[in-house]
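To keep things clear, I will list the structure first and then write my remarks on it.
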Amino acid sequence: MVEETKPSASDMIRGMLPEMSEAERKVALFILDQPQKALYYNVVELSRNAASSGAAVIRFCKRIGAKGYSEFKLWLAKDVFREVDEKYLPDLELESKTPAERAIREVIDYARQSLSDLTRTLDPAVLDLTASKILGASLTMLFGIGASGIVASDFHQKLLRIGIPASYTFDSHAQIAAACSLKESQVAFIVSYSGETDAMLEVARQAKERKACVITLTMEGANKLRGFADIAISVPASERVYRSGAETSRLTQLSVVDMLYRLIVSGDVETAIQAFERSMQATHRTKRPK
């Protein structure tokens, strides 16, 4: 039996217009006229911009068959961004004038859940193998741009501190150029939450051609970058790719870096301690009196 295709949100709204009250119709007409703007409004903001009421917005949602306002916005987003995978839909949780108490609670709750989910996506054997490869490499080149670049830079700083040969640059073109010089004895550690960034895919192609060990850190699920990986590390798909800013995705990636750092340090504790002492003395040396 063929499953019946659900009509688009705009088609459903137009079809239900004759049955709507005047207040509901104001909401409907505003959404049809400015659907992308409506996606980012909460109930109060939508009712105000539509010159209607919050109660009318809720009735409107039920009128067109949505269980609630959140479900309606997701339905509308799929309509506005046609032929786009759900993980690439925009962040619909944005609201103006969010109370500080709510921001604190939500960030902590999301972080707690995402870190808990790491136990599901991470394989201890994969992390052990990754640490071993980095310890044995003549050089580890780190790659990543945007928020993922911050993660790569953090890992770079950690590796340098314990004397592990590593390199990183924020410029994406320079990263591609660096990948072109990789050698078989080296590691390419590529960070990309989506696993679909063009620059990182080119880095991976170059690394594979030069037979370097390619290690990827991406969100779980299918993505193009993982197809190049000799070792693939996954973090939870806690955020959509199209988002206002990396929050939980950055946190989980940084946590993976911290885990790898611990494993690498434990692989050669004596050398790491000596490196720690040298760097502390060099960076925290007090001025001697004349």
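A few remarks follow.
- Annotation: of all residues in the stretch 273-290 being at pLDDT 75 or above and surrounded by 14 or more Cβ atoms within 10 Å (Cβ to Cβ), the one that is farthest from ARG105 (Cα to Cα) is ALA275.
- Flag if VAL203 is under 20 Å from LEU263 (Cα atoms) and either modelled with pLDDT of 95 or more or in contact with a helix residue (DSSP H, G or I) (Cβ under 7 Å, 6 or more places away or on another chain) (or both): no
- Residues that are in contact (Cβ under 8 Å) with a residue 60 or more places away in the chain number at least 1 in the following helices (runs of 4 or more DSSP H) confined to the stretch 102-203: 124-136, 147-161.
- Tally, over the stretch 254-272, of residues that are within 30 Å of the chain's Cα centre (by Cα), acidic (Asp, Glu) and surrounded by 15 or more Cβ atoms within 10 Å (Cβ to Cβ): 0
- Qualifying residue in the stretch 218-229 (condition: outside any helix (DSSP H, G or I), modelled with pLDDT of 85 or more and in contact with a Cys (Cβ under 7 Å, 6 or more places away or on another chain)): no
- Restricting the stretch 58-92 to residues that are in a loop (DSSP other than H, G, I, E, B) and not hydrophobic (A, V, I, L, M, F, W, C), the residue that is modelled with the lowest pLDDT: GLU83
- Residue check for SER194: among the small types (Gly, Ala, Ser) and either at pLDDT 95 or above or touching a Phe, Trp or Tyr at 6+ places or on another chain (Cβ under 7 Å) (or both): no
- Selected residue (criterion: surrounded by the most Cβ atoms within 10 Å (Cβ to Cβ)) from residues of the stretch 42-69 that are closer than 17 Å to VAL80 by Cβ and without any contact (Cβ under 8 Å) to a residue 12 or more places away in the chain: CYS61
- Of the candidates ALA177, ALA199, ALA232, ALA152, the single residue that is among the small types (Gly, Ala, Ser) and over 18 Å from the mean Cα position of the chain (by Cα) is ALA177.
- Members of the stretch 152-169 found to be under 14 Å from GLN253 (Cβ atoms) and surrounded by 21 or more Cβ atoms within 10 Å (Cβ to Cβ), listed by number: ALA152, PHE155, HIS156
- The C-beta contact set for the stretch 10-26 (first residue among the β-branched types (Val, Ile, Thr), second residue buried (at least 18 other Cβ atoms within 10 Å of the Cβ), distance under 7 angstrom, 6+ apart or interchain) comprises ILE13/ALA28; ILE13/ILE31; ILE13/ILE64.
The values are calculated or read from the model by the stated rules, or taken from the named source; none is laboratory data. Computed from a prediction, not measured in an experiment: that's the story for all the values here. A quick note on method: Cβ atoms are made from the backbone with ideal geometry, for glycine too, and the neighbour counts reach across all protein chains shown.
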